[in-house]
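Since the structure comes first, as C-alpha cells, the remarks are kept for the end.
Since every read-out is calculated from the coordinates, none of them should be taken as a lab result. Source: prediction; values computed, not measured. Note that each Cβ is placed from the backbone with ideal geometry, even for glycine, and that neighbours are counted across all protein chains shown.
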Amino acid sequence: MTTKTKNPVKAKPVAKSKVVTKSLPAKAVVNNKPKPVLTAKAVAPKKVPAKIANKNIAEKTVATPLKVVIAEKLSKKADKPKKIKMVRDSFTMPVNEYSQFAALKRKCQLVGVYVKKSELLRAGLLCLSKLSDPELVNVVGQVEILKTGRPTKH
C-alpha cells in the first residue's frame with residue numbers, strides 16, 4: 001500500500017506581466033500600520049525668581065531640566081523635620097500638688113497663654129535641667145517620697 005501525500009496548496013504558475021512601480025509618498029503606511037510618532041514630554045516653564053525679575057528680565061520664563069525638578073523634590077523631603085517619638089506614661093501624685101496644675105494653667109491664661117498639663121510638666125523638667133548639681137539635689141530633697149503604684153480605692 002502506498003500513501004499519497006496531499007498538498008493542499010498548489011502553486012499556480014504566474015504569467016509574466018509588466019510591473020509598474022510608483023514611488024511611495026513620504027507618509028507611507030507600511031503593512032496597514034501607521035508609523036509610531038515619538039513625542040517628548042515638555043517641562044512646564046517656571047517664572048523667573050524675583051531677584052532676577054528686578055534686573056528688567058520680567059515676564060520671561062525658564063524651562064527647568066528634569067534633574068533640577070527631581071533635586072527640588074528631594075530637598076523638600078530633606079527640609080521636613082523628623083517626627084519626634086512620643087512616650088505615654090502615667091504617674092501618681094498627691095491631690096494638693098495635682099491641684100497646682102489648675103492654678104498654674106489659670107495663671108498662664110491671665111497672661112494670655114494657653115498651656116496643657118503636659119506642657120507644664122515639660123517646662124518644670126526644663127527648669128530642673130538648668131539647675132546646678134547642689135541646687136537640683138536641694139529641690140529633689142524637698143519632694144515627698146511616695147509609695148509607687150496605684151492608690152487603693154475607698
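First obtain the Kirkwood hydrodynamic radius of the range 95-141 from its Cα pairs, then insert it into the Stokes-Einstein equation at 10 °C and 1.306 mPa s, and state the resulting D in µm² per second as a whole number. Write out the running numbers ahead of the final one.
Numbers: Rh = 11.9 Å.
Calculated translational D: 133 µm²/s.
Among residues other than residue 141 with Cβ under 15 Å from its Cβ, the summed charge is -3 (Lys and Arg +1, Asp and Glu -1). Spacing of the modelled spin labels on residue 137 and residue 97, each 7 Å from Cα toward Cβ, amounts to 2.1 nm.
Give the calculated FRET efficiency between residue 145 and residue 89 to the nearest 0.05, with a Förster radius of 22 Å applied to their Cβ-Cβ distance. Please report the intermediate quantities before stating the final value.
On the way: r = 19 Å, r/R0 = 0.85.
Approximately 0.70, to the nearest 0.05.
Measuring r between the beta carbons of residue 113 and residue 68 and using R0 = 35 Å, the FRET efficiency lands at 0.20.
Rounded to the nearest 0.05, what FRET efficiency do residue 130 and residue 152 have when you use their Cβ-Cβ distance and R0 = 41 Å? With a Förster radius of 41 Å, E is 0.65.
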